[in-house]
1. At a Cα cut-off below 17 Å, give the aspartates and glutamates reachable from Lys49, other chains included and same-chain residues fewer than 8 away excluded.
2. Take the Cβ-Cβ distance between Trp201 and Arg158 as r, set R0 to 30 Å, and report the resulting FRET efficiency rounded to the nearest 0.05.
3. Cut-off under 25 Å on the C-alpha distance; same-chain residues fewer than 8 positions from Lys71 excluded. Which lysines are left, in chain and number order?
4. Find how much the distance from Lys70 to Leu168 grows on full extension, using 0.36 nm per residue of separation minus their present alpha carbon separation; answer in nm with one decimal.
5. Order these by the 10 Å Cβ neighbour count, fewest first: Phe223, Phe79.
6. Got a sec? How would Trp162, Trp181, Trp201, Trp264 order by Cβ neighbour count within 10 Å, fewest to most?
7. Match the structure shown to one of the listed values (i) -0.23, -0.97; (ii) -0.30, -1.03; (iii) -0.26, -1.04 of log10 I(q)/I(0) by the Debye sum over Cα atoms at q = 0.07, 0.14 Å⁻¹, computed from it, and give that label.
8. In terms of Cα to Cα distance under 20 Å, which aspartates and glutamates are near enough to Lys157, apart from those fewer than 8 places away along the same chain?
Amino acid sequence: MSNHSPLAAIAAFSAASFLWLGSADAQPRPATEWFYADGIIQPDGIDPKEAMKGVWSPSREWMVLFNLSKKETTATATFYFEDMPPRTTTQKLRPRSSGYIVVHQIPNVVPPKKLYGVRVQSPEPIIVQPSRGEYEPYNPVTAAMASFVAYPGPLGKRETKWTYADGLAISSERALEEWEWITILNPNAGRDANVKITFNWPDEQKTHTLAVPAERVRTVDLFNLPIIPKNKLFGPIIESDVPVVVEQVRRCYARGIPVITAIWACLAYPIGDLE
């Protein structure tokens, strides 16, 4: 039989497919891995002194997981913290349906008042959308909310450099204050991330460096970072020597009142493959 016959071609294709599927370097299926960098559960009754950190308002968080598959699947969420090893939880998802991981209801996995980042993995394609509500103390009506679709993995060179366009910390004689954070998740096992943030203005640049240990998360409070002038728009570029995930969070306050009045949270944009 000729090596150019249809049967030979099919056999060669099947063998190649088998080798690819069995390769340790094979990429995961699309939409089976997701990340975000900044979560925190703040309970009612938090000490008012926490207001100095700009995060006094009680907060709750949900992850909504949409199973795109026609069969049941399981999603595993790994939570990364500043000062403790990762913890995991799992959630079964019915076919072509959405389900929840209610983060504020699993304190044995995610303790309150702990900054965390998240990685969600599933054998089937899913969509992950975190949503956060922040409140006045003991008021069940949400004061502010933020929601976005998480960042799809896997992480690689592209995710070693991130940016966003609208950076700003506001403090003036007016009532409005806006506090901003850049939060960086390093989900890599055994690989610390050395990070440089370059803040860009039309007439100058300033840099801030930090290390994010392996399987940890770190945040930078820009409102209290000395090199950041108030009321001056900037664009940051966040560079790391290993792949990371970067998120921007901004909270608005009325001067002198530590309870939040508005929030936004969004993922930065990866540009590590543009060079």
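1. Excluding near neighbours in sequence, the set is Glu136, Asp221.
2. Details: r = 26 Å, r/R0 = 0.86.
Calculated value: 0.70.
3. Lys92
4. Residue separation times 0.36 nm, minus the Cα-Cα distance, leaves 30.9 nm.
5. Phe223, Phe79
6. Trp201, Trp264, Trp181, Trp162
7. (ii)
8. Filter leaves Asp25, Glu33, Asp192, Glu215, Glu239, Asp241, Glu247, Asp273, Glu275.
Laboratory data are not the source of any read-out in this text; all were calculated from the coordinates shown. Bear in mind the structure is a predicted one, so any value in this text is a computation, not a measurement. Counting neighbours? That spans all protein chains shown, and the Cβs are built from the backbone with ideal geometry, glycine included.
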